[in-house]
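Report on the structure given below.
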Amino acid sequence: MQSSDSSFDEPLIELRRQIEELEGYPAGSGHEKELDRLRVSLRKTTADIYGGLDRWQKTLVARHQDRPYTLEYIQALMTEWVEVHGDRAFAEDAAIVAGFADFRGRSVAVIGHQKGRDTKERILRNFGQPRPEGYRKALRVMKLAERFGLPVLTFIDTAGAYPGLDAEERGQAEAIARNLMEMAVLEVPIVVTITGEGGSGGALALGVGDRVYMLEYATYSVISPEGCAAILWKDQNRKAEAAEAMKLTAPDLLTLGVIDEIIPEPQGGAHTDPAAMARRVGDVLQRSLDDLLRLPPKELVARRYDKFRKLGAFDEG
């Protein structure tokens, strides 16, 4: 098992830097053998490191700044994308993107968190932490999708709903609860993909679906490891210990029955080959829609209800 901090990735960063430098050399300059050696070393080192990640390290991979976000998946998989803005009640929330597109010959509604790439965009998108108007915009698009018989695809990647005073004043809890209730009875297929962080109710507000998929190094939990450690032990430095106890990784959640399937990531994580990751996600989404669109709306809703009622285990005592 690797040490529980972000330094586990440093050997890979250095190897990629050396490879990128050599790839810039002109052909025939005698660097090809060294380049081949470095590529082999990168593959082996990546396999060694990623084969022994602990849960906290997987959390760091899920948060990697270069992981593809919702708009990257839309760009790779969709055509005719038309984004919808605003909740028709208060404002636009850029932390959630929502709209309609064509996915492999099917019209679909697409909704997902968007964190932002640089400082300016991260501030604009509030680091992917939605306010109530973001969830109300998402619901607006879901209801439009239901009206026109379009399946809904959601992409989850958020540390959680924004906990600021302004969000609480405008009904953050009510907005999340409303989405849970409405998604439970939406009479069109809903396919959920957790692509990075799935944090608390901020994630679950887009997470009630007929199929729930999770990328190999994504996480899904009621709270962050830091928040858990702060509450239980008043010490955020015990975040790695909290992550181990929380069982927040894809294999954990598949075992618990919270998700339906794990989507494998390219070696070294989705950020190392976003195009390959998008293709894998697209294939899973297509397979899901092929199955779900055969079901009549009432049966779809009944199965979704049963799916979530069966979650969890308890003893009568």
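None of the figures in this text is laboratory data; all of them are computed from the coordinates on show. Here the structure is a predicted model, which means the values were calculated and not measured. So basically every Cβ, Gly included, is an ideal-geometry build from the backbone, and we count neighbours across all protein chains shown.
Some notes on this structure:
- Between the amide H of residue 84 and those of 98, 99, 100, distances stay under 5 Å, these residues lying 5 or more places away or on another chain, with hydrogens modeled in the peptide plane.
- Label separation (residue 315 vs residue 286): 4.8 nm, computed from points 7 Å beyond Cα along the C-beta direction.
- Three principal axis extents of the chain based on alpha-carbon atoms, in descending order, are 64, 50, 40 Å.
- Shape summary: segment 6-52 maps onto an equivalent ellipsoid whose semi-axes, from the alpha-carbon gyration tensor, are 24, 11, 5 Å in decreasing order.
- In the chain, helical runs assigned H by DSSP with n ≥ 4 each contribute -39500 (n - 2.57); averaged across all residues and rounded to the nearest 500, the mean residue ellipticity at 222 nm is -14500 deg cm²/dmol.
- Spacing of the two label points (7 Å from each Cα toward its C-beta) at residue 45 and residue 16, in nm: 1.2 nm
- Mean Cβ neighbour count within 10 Å, used as a protection proxy, ranking 91-98, 217-224, 28-35, 150-157 highest first: 150-157, 217-224, 91-98, 28-35
- Cα centroid of segment 275-317 to Cα centroid of segment 40-65, whole Å: 29 Å
- Paramagnetic label zone (point 7 Å from Cα along Cα-to-C-beta, residue 117; backbone N under 17 Å) in segment 263-277: 270-277
- Dipole magnitude (debye, nearest 20) for the chain, charges at Cβ of Lys, Arg, Asp, Glu: 660 debye
- As a calculated quantity, the FRET efficiency between residue 255 and residue 235 at R0 = 25 Å, using C-beta atoms, amounts to about 0.30.
- Difference of contour (0.36 nm per residue) and Cα-Cα distance, residue 89 to residue 293: 70.2 nm
- For peptides 303-314, 286-297, 258-269, sequence by mean Cβ density within 10 Å, most packed first: 258-269, 286-297, 303-314
- Neighbour cut-off at most 13 other Cβ (10 Å), DSSP loop, trypsin sites (Lys or Arg not before Pro), segment 151-248: 234
- Working note: Karplus 6.51/-1.76/1.60 with θ = phi - 60° gives segment 61-75 the couplings 5, 4, 8, 3, 5, 9, 4, x, 9, 3, 5, 5, 5, 4, 4 Hz, where Gly and Pro are set to x.
- Between the residues 86, 155, 186, the greatest Cα displacement towards the positive end of the dipole of the chain, with unit charges on the Cβ of Lys, Arg, Asp and Glu, is found for 186.
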